[in-house]
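Enquirer: Would you mind keeping the following structure in view while I ask a few things?
Read the figures in this text as sums done on the coordinates, not as results from a lab. Remember, it's a predicted structure, so these values are computed and weren't measured experimentally. Cβ placement follows ideal geometry from the backbone for every residue including glycine, while neighbour counts extend to all protein chains displayed.
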Amino acid sequence: MVYTAEQDPGTTVLINKLNPRNQNDLDGAELALFLIRADETPPAGRFNYPHYMALHHHLFQDVYDWAGTARTIRIGKGSNWFRYPEHIDPQMKAAFATLEGHTLLADKRPAEFGTLAAEALAWPNAIHPFREGNGRTQLTLLSMLSEQAGLPFNDDQLARDRVIAAMIDSFGGDEDPLRKLILDLVSA
């Protein structure tokens, strides 16, 4: 689903470094470049808001000039509007306060990790700080957190429809599907 937002001048495609004017062309190029960056060592950090922004920049720097920068326009999907731009920074700082230094999720068993990680990911999902790449940044962060916790990350469990449904449910206040998804991802 495409975001509801102000359109970039002369096209419905986000302004990007690659200059495609067709959404399918941008999607393909963006995915290819994302996968290359996702295979690289992610930026080191303390699992705080600046680290999250650096992670997004790392993953999308080849596609968008604004990678790693909070959005400045209001966006939504369907009937759900994400946090307004003027509230992104303070709410993201608050959301990441519990993750900073990754002590919240370190040394947790899968069930407890799933519960705490679902709570931690539900906030960035509802805030949606970027024009594009929010979900992939969240899943990359989750992978990094599971690694720090000494848990596997079974990305073969990442069925797109299930991930989207779990994120939509968490937006509505029901974190249980997200918790179950995370549990499946980190259970051996």
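Enquirer: Fewest first, what order do V63, V163 take by the number of other Cβ atoms within 10 Å?
Expert: Listing V63, V163 from fewest to most nearby Cβ atoms yields V163, V63.
Enquirer: Which trypsin sites (Lys or Arg not before Pro) from segment 11-49 combine a DSSP loop assignment with at most 12 other Cβ atoms within 10 Å? Numbers along the way, then the final one.
Expert: Working: sites: K17, R21, R37, R46; in loops: K17, R21, R46.
Of the trypsin sites (Lys or Arg not before Pro), the ones in loops of segment 11-49 whose Cβ has at most 12 other Cβ atoms within 10 Å are R21.
Enquirer: Same structure again: Starting from 0.36 nm per residue, how many nanometres of slack lie between N80 and I15 once their C-alpha separation is accounted for?
Expert: Details: separation 65, 0.36 × 65 = 23.40 nm, distance 2.32 nm.
In short, 21.1 nm is gained.
Enquirer: Sort T140, T12, T69 by Cβ crowding within 10 Å, fewest neighbours at the top.
Expert: The order, fewest Cβ neighbours first, is T12, T69, T140.
Enquirer: Determine the sum of side-chain charges near G150: Lys and Arg each +1, Asp and Glu each -1, restricted to other residues whose C-beta is under 15 angstrom from that of G150.
Expert: Once positives and negatives cancel, what remains is -1.
Enquirer: Reachable lysines from K108, Cα under 24 Å, same-chain residues fewer than 8 places away excluded?
Expert: Result set, ordered by chain and number: K93, K180.
Enquirer: Here's something else I'd like to know. Post the alpha-carbon centroid distance, segment 157-185 to segment 71-150, in whole angstrom.
Expert: Centre-to-centre (Cα) distance: 13 Å.
Enquirer: How high is the relative contact order of segment 31-73, in percent, with contacts defined as C-alpha pairs under 8 Å that are six or more residues apart?
Expert: Details: 35 pairs, mean separation 15.0, N = 43.
Worked out over segment 31-73, it gives 35 percent.
Enquirer: Ranking H87, H58, H128 by Cβ neighbours within 10 Å, fewest first, what do you get?
Expert: H87, H58, H128
Enquirer: Report, in deg cm²/dmol and to the nearest 500, the calculated mean residue ellipticity at 222 nm for the chain, where each DSSP H run with n ≥ 4 adds -39500 (n - 2.57) and the sum is divided by the residue count.
Expert: -16500 deg cm²/dmol
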